[in-house]
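Note sheet for the following structure.
The values are calculated or read from the model by the stated rules, or taken from the named source; none is laboratory data. This one's a predicted model, so the numbers in the text were calculated from it and none came from an experiment. Virtual Cβ from ideal backbone geometry, glycine too; neighbours counted across all protein chains shown.
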Amino acid sequence: MMDKAETIRRIEALRAEIDHHNRRYYQLDDPEVSDAAYDRLMRELAELEASVPSLDLTGSPTQRVGAAPLEKFGTVTHLTPMLSLANAFSHEEMLEFDGRIRRLLDTEGPIGYVVELKMDGVAVNLLYEDGLLVKGATRGDGEHGEDITQNIRTIRSIPLKFKANPGIAVPARIEIRGEIYMKTEPFRRFNRRRLEAGEPPFANPRNAAAGSLRQLDPQITARRPLDFFCYGIGHVEGASFASHWEILQTLKDWGFPVNERAGRAADIRECIAFYDKTEAGREELPYEIDGVVVKVDALALQDALGAVSRSPRWAIACKYQPTQEQTVVRKIDVQVGRTGVLTPVAIMEPVHLGGVVVSRATLHNEDEIKKKDVREGDTVVIQRAGDVIPEVVKVIVEKRPDGAKPFQMPDTCPVCGSKVVRLEGEVGTRCLEFDCPAQIKLRLAHFASRGGLDIEGMGEAMANILVDSGTVKDPSDLYKIPRERLLTFERMGEKSTDNLLSAIDRSRKPPLDRFLYALGIRHVGEHMARVLAARFEGVEALMTATEEDLIAVQDVGPEVAAAIVSYFANPSNRRMIEKLTAAGVEPQATAGSRAAASGPLSGKTFVFTGTLGRMTRSAAKTLALSLGGQVSETVKKGVDYVVAGADPGSKLAKAGKLGIPVIDEEQFIKLTEEG
Ligand code: IVH
């Protein structure tokens with residue numbers, strides 16, 4: 001047992017280490033440790049923090065998730081108003097901006113600028129006091145925004161506190177401003193998961209970021225892949241700067257993410273060059289931008305210039321042309337997804353759109369296509385949102401050819417010909433045939449994907465070859481492909497064949513969570529797979545779990561529970577898992593689940609209610625789960641303890657009625673120590 005001083009030293013070391021890993025992961029995109037190792041550090045920290053009464057939890061990485069849902073957002077008055085930017089759409093307008101500034105400042109010489117990318121996200125204002133994040137707010141009307149502090153805390157690239165930096169003093173109060181955004185790739189994955197779950201996808205990363213920030217329940221925001229760049233400050237006490245560039249460098253030193261693609265420009269010509277160069281490379285960026293921002297560098301000059309009608313005179317947003325185009329729909333195809341969902345896709349006359357040639361656009365589902373009434377032969381406006389397949393914005397009805405017929409969803413699967421159904425309450429139409437080749441291929445590619453068994457060289461193209469040639473019917477067949485067979489396929493030489501075979505061989509002992517994800521159970525994405533792997537010892541245990549068992553696990557809702565039970569009720573799925581086992585695939589239980597099986601709380605189910613004093617309710621739930629306990633959201637038979645904080649509500653009465661013991665937080669902590 002560590003004594004208190006040792007525990008506190010360990011807590012401090014863990015906090016610093018986790019902050020460091022957060023920066024590696026979320027700011028530098030270059031993690032040093034595996035997710036499992038990171039989870040272990042977080043779990044150790046949560047446990048140690050819970051063991052020290054009266055510990056100050058402000059700024060701890062454990063505080064990123066877990067605050068209770070709000071009824072509605074409060075209002076925050078910004079200390080200095082958040083202005084917006086005037087726009088320029090061409091080189092000429094940029095030159096006019098520069099001319100205006102030189103006239104106002106009465107100078108002949110060049111003006112020094114800072115050039116930045118204009119992130120397409122949501123503007124936020126973050127208030128730090130003595131280096132600690134105290135408030136996060138949306139821009140709102142510029143004077144007052146919504147208080148989204150709880151949600152802001154969940155975004156890993158936003159420091160909860162300044163990085164200790166001996167060279168630079170921490171200001172007493174400072175408003176840090178920047179943009180919350182979603183990177184294109186995570187956005188695509190997120191949207192794909194929504195589609196699979198029958199939820200409407202977001203049109204673009206900006207809407208997804210805005211929608212995620214507007215959640216009253218911070219646990220939902222915590223699961224969204226949000227990111228942050230800061231680009232300036234508002235009110236500040238206890239620090240002073242001479243230039244905007246100095247502000248950006250100092251923010252970086254304080255541990256804030258500042259876009260590396262910002263630079264200093266000696267004059268407006270260099271700004272124009274940056275604007276053009278950035279547009280040419282726009283498609284390669286991992287996020288969406290809608291232009292660049294040019295800012296006068298010297299703060300003395302900014303002050304002299306001031307603002308007009310809510311926009312500073314010293315900065316301008318130089319926008320790119322909108323990425324919308326018109327084209328003609330040649331034909332509407334219907335594609336079959338991994339879970340059998342049918343997606344109508346418009347095949348169009350190829351057209352340039354935001355730097356790429358586009359010839360396909362998703363029409364999402366039957367309801368969407370009906371709403372927009374897209375028909376073969378129609379002229380449509382399309383737009384690209386992120387790296388997503390472009391979508392049809394609207395039909396130009398005046399240009400519709402005579403005789404164009406409304407689209408009809410087919411009643412049989414376009415790939416396997418079996419009857420399709422539209423299940424109640426779902427927007428998607430599905431092919432329910434397990435052996436539909438389209439689904440087999442996509443299941444196979446998903447099984448081998450990076451989040452799954454991570455078999456290099458086993459992407460969709462390879463899956464098509466293997467399924468079409470009859471070599472593979474389900475993932476278990478991968479483990480017995482004869483080498484000679486692979487060699488017969490086009491472009492499979494000795495080297496690529498051996499590489500693929502050894503990648504397959506190396507995948508035999510996957511971590512349990514990745515294996516569960518690889519199975520492709522509906523609603524079980526990477527996060528849910530981790531939740532399940534932390535709670536269940538192995539696939540067997542999950543297979544025998546009832547819906548009730550599953551719902552008792554925190555984060556598992558009724559929909560997910562039903563999907564899991566129905567997956568394992570399907571004999572084809574069970575057979576496939578048996579065959580995988582026979583082929584020598586052995587998922588490895590994660591450290592968490594082993595600890596859980598033998599933890600001091602194993603076999604006990606807890607309900608948490610009211611406001612706890614030492615930790616948030618969510619931290620308490622995580623602690624209970626990590627020590628082998630179960631967590632239930634409702635008081636019902638089978639619950640062993642109700643842990644009540646302040647203002648517990650109706651759950652206490654219910655516990656009384658059912659004769660379930662009610663304990664306080666101290667008693668709960670005792671249990672975690674003693675079992
Ligand atoms: S500076 C007074 N810099 O664009 C200066 N804004 O209408 C205020 N934005 O609301 C903004 N990237 O949400 C600035 N590098 C950047 C930006 C940026 C995106 C957004 C911001 C602002 C809007 C301007």
Is it true that Ser34 is farther than 28 Å from Thr616 by Cα, of a type outside the set (D, E, K, R) and surrounded by fewer than 18 Cβ atoms within 10 Å (Cβ to Cβ)?
no
Of everything in segment 404-435, what is aliphatic (A, V, I, L, M), in a loop (DSSP other than H, G, I, E, B), free of Cβ contacts under 8 Å to residues at least 60 places away in the same chain and closer than 21 Å to Asn573 by Cα? Give them in sequence order.
Leu423
Is one or more of the residues making up segment 524-546 closer than 26 Å to Val631 by Cα, charged (D, E, K, R), in contact with a Pro (Cβ under 8 Å, 6 or more places away or on another chain) and free of Cβ contacts under 8 Å to residues at least 24 places away in the same chain?
no
For Pro201, state whether it is over 17 Å from Asn151 (Cα atoms) and either touching a helix residue (DSSP H, G or I) at 6+ places or on another chain (Cβ under 7 Å) or in contact (Cβ under 8 Å) with a residue 40 or more places away in the chain (or both).
yes
Leading residue by the ranking (farthest from the ligand (Cβ to nearest atom)) among those in segment 161-177 that are surrounded by fewer than 23 Cβ atoms within 10 Å (Cβ to Cβ) and under 27 Å from Lys72 (Cβ atoms)
Arg173
Return yes when Gly136 is in a strand (DSSP E or B), without any contact (Cβ under 8 Å) to a residue 24 or more places away in the chain and within 15 Å of the ligand (Cβ to nearest atom) and no when it is not.
yes
Which residues, taken from segment 178-193, are assigned to a helix (DSSP H, G or I) and either among the β-branched types (Val, Ile, Thr) or within 16 Å of the ligand (Cβ to nearest atom) (or both)?
Thr184
Does Thr327 count as buried (at least 18 other Cβ atoms within 10 Å of the Cβ) and either under 32 Å from the mean Cα position of the chain (by Cα) or closer than 30 Å to Trp245 by Cβ (or both)?
no
Among the residues listed as Ile233, Ile272, the single one being more than 14 Å from the ligand (Cβ to nearest atom) and modelled with pLDDT of 95 or more:
Ile272
If Val293 satisfies every condition in (1) assigned to a helix (DSSP H, G or I); (2) within 14 Å of the ligand (Cβ to nearest atom); (3) surrounded by 20 or more Cβ atoms within 10 Å (Cβ to Cβ) but one, which is the exception?
(1)
Only residues that are surrounded by 13 or more Cβ atoms within 10 Å (Cβ to Cβ) and polar (S, T, N, Q): list them for segment 406-439, please.
Ser418, Thr429, Gln439
Does Ser60 count as surrounded by 16 or more Cβ atoms within 10 Å (Cβ to Cβ), away from the ligand (no atom under 16 Å from the Cβ) and not basic (Lys, Arg)?
yes
Between residues in segment 626-653 that are at positive phi and of a type in the set (Asp, Glu) and residues that are modelled with pLDDT of 85 or more and part of a strand (DSSP E or B), which pairs lie under 7 Å by C-beta distance while being six or more apart or on different chains?
Asp647/Thr611
Determine whether Asp227 is outside any helix (DSSP H, G or I) and within 14 Å of the ligand (Cβ to nearest atom).
yes
Give me a count of the residues in segment 50-85 that are at pLDDT 90 or above and outside any loop (DSSP other than H, G, I, E, B).
3
The condition of being more than 16 Å from the ligand (Cβ to nearest atom) and within 29 Å of Lys161 (Cα to Cα) holds, among Gly255, Gly281, Gly340, Gly263, only for Gly255
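Residues are listed down the side, and each one gets a yes or a no for (1) outside any loop (DSSP other than H, G, I, E, B); (2) in contact with a Ser or Thr (Cβ under 7 Å, 6 or more places away or on another chain):
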| residue | (1), (2) |
| --- | --- |
| Ala533 | yes, yes |
| Ile564 | yes, no |
| Phe568 | yes, no |
| Gly584 | no, no |
| Ser602 | no, no |
Just wondering, is there one or more residues in segment 89-111 that are in a strand (DSSP E or B) and either farther than 21 Å from Arg64 by Cα or at pLDDT below 95 (or both)?
no
Within segment 224-248, of all residues that are in contact with a helix residue (DSSP H, G or I) (Cβ under 8 Å, 6 or more places away or on another chain) and closer than 14 Å to Ala210 by Cα, the one surrounded by the most Cβ atoms within 10 Å (Cβ to Cβ) is Leu226
Subset of segment 90-127 [within 21 Å of Tyr231 (Cα to Cα), of a type outside the set (A, V, I, L, M) and within 16 Å of the ligand (Cβ to nearest atom)]
Phe97, Tyr113, Glu116, Lys118, Asp120, Gly121, Asn125
